[in-house]
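Below: the structure, in structure tokens.
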Amino acid sequence: GENVEQHPSTLSVQEGDSAVIKCTYSDSASNYFPWYKQELGKRPQLIIDIRSNVGEKKDQRIAVTLNKTAKHFSLHITETQPEDSAVYFCAAIRGNTNAGKSTFGDGTTLTVKP
Amino acid sequence: DAGVTQSPTHLIKTRGQHVTLRCSPISGHKSVSWYQQVLGQGPQFIFQYYEKEERGRGNFPDRFSARQFPNYSSELNVNALLLGDSALYLCASSLPRAGYGYTFGSGTRLTVV
């Protein structure tokens with residue numbers, strides 16, 4: 001079946017440093033790759049996404065890159081702040097004429113130390 | 001605008017019982033997906049519904065079923081509950097074209113005892 005591997009499982013950085021989280025997917029039909037931030041006891045919230053026809057997307061301090069050939073995509077957070085501390089999930093979604101199927105990674109716990 | 005709403009927020013059931021969880025999507029969203037999230041893991045895809053039809057199914061047993069109503073709200077049903085079904089059940093709605101802009105509800109915390 002489809003699989004998404006996410007690394008690292010935990011990441012600790014100093015405030016102001018950059019953080020990078022990487023995901024590899026197996027389903028070559030995946031065409032949509034969102035990233036979610038989940039704080040303790042709360043719902044996952046979409047922070048950035050990228051479609052398969054785009055190689056990179058940036059939104060302020062957050063960027064995502066996609067390498068379709070290698071089937072991996074990465075989340076980059078620059079100038080990290082303590083409020084960035086949370087669990088981050090990547091997902092690979094096969095969306096085709098409303099027949100979607102999504103696979104999530106197991107998450108990365110990011111801790112930003114002040 | 002209201003976001004994705006789920007009910008109930010918490011639920012305790014006994015092994016062998018059945019449970020029905022409910023989800024109302026964001027207004028204008030016609031696609032609803034269900035996920036199971038066990039503590040320490042990512043959401044696991046259960047079903048996707050669009051226009052009242054099942055469009056995707058994850059690797060879950062037949063004890064899990066769902067349906068979508070004409071107003072695009074949805075129910076997830078789980079029969080013959082097992083202890084291992086204890087989890088946070090999340091509903092997500094998305095724009096009419098599946099696979100984009102998933103927005104999650106706050107989930108239903110199910111505990112099976």
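The values are calculated or read from the model by the stated rules, or taken from the named source; none is laboratory data. The structure displayed is predicted, hence computed values, not measured ones. Note that each Cβ is placed from the backbone with ideal geometry, even for glycine, and that neighbours are counted across all protein chains shown. Please note that ligands, DNA and RNA were not included when accessible areas were found on the heavy atoms of the full protein model with its side chains. Shrake-Rupley method; radii C 1.70, N 1.55, O 1.52, S 1.80 Å.
Quick notes on this structure:
- Loop sites in the range A:1-64: trypsin sites (Lys or Arg not before Pro), DSSP, at most 15 other Cβ within 10 Å: A:LYS42, A:ARG61
- For the range A:49-88, the relative contact order comes to 27 percent (Cα pairs under 8 Å, sequence separation of at least 6).
- Per-selection Rg to Rh, the protein assembly as shown - Cα, Kirkwood hydrodynamic radius: 0.97
- Using the Cβ-Cβ distance between A:ALA29 and A:THR69 with R0 = 22 Å, the FRET efficiency computed as 1/(1 + (r/R0)^6) comes to roughly 0.90.
- Each residue was assigned an accessible area with a 1.4 Å probe, and for A:SER18 the value is about 70 Å².
- For B:ARG15 and A:THR111, a Förster radius of 41 Å and the Cβ-Cβ distance give a FRET efficiency of 0.65, rounded to the nearest 0.05.
- Excluding same-chain neighbours fewer than eight residues apart, the lysines reachable from A:LYS71 by a Cα-Cα span under 23 Å are A:LYS22, A:LYS37, A:LYS57, A:LYS58, A:LYS101.
- In plain terms, the bigger the Kirkwood radius, the slower the diffusion; for the range B:42-112, with that radius from Cα pairs, at 4 °C and 1.567 mPa s, Stokes-Einstein puts D at 99 µm²/s.
- Sites matching GluC sites (Glu not before Pro) across the range A:1-100 that sit in DSSP coil, with at most 15 neighbouring C-beta atoms within 10 Å: A:GLU15, A:GLU39, A:GLU79
- Looking at the range B:15-113, none of the chymotrypsin sites (Phe, Trp or Tyr not before Pro) sits in a DSSP loop with at most 15 other Cβ atoms within 10 Å of its own Cβ.
- Pairs of Cα atoms farther than 19 Å apart, the range A:19-114, %: 38 percent
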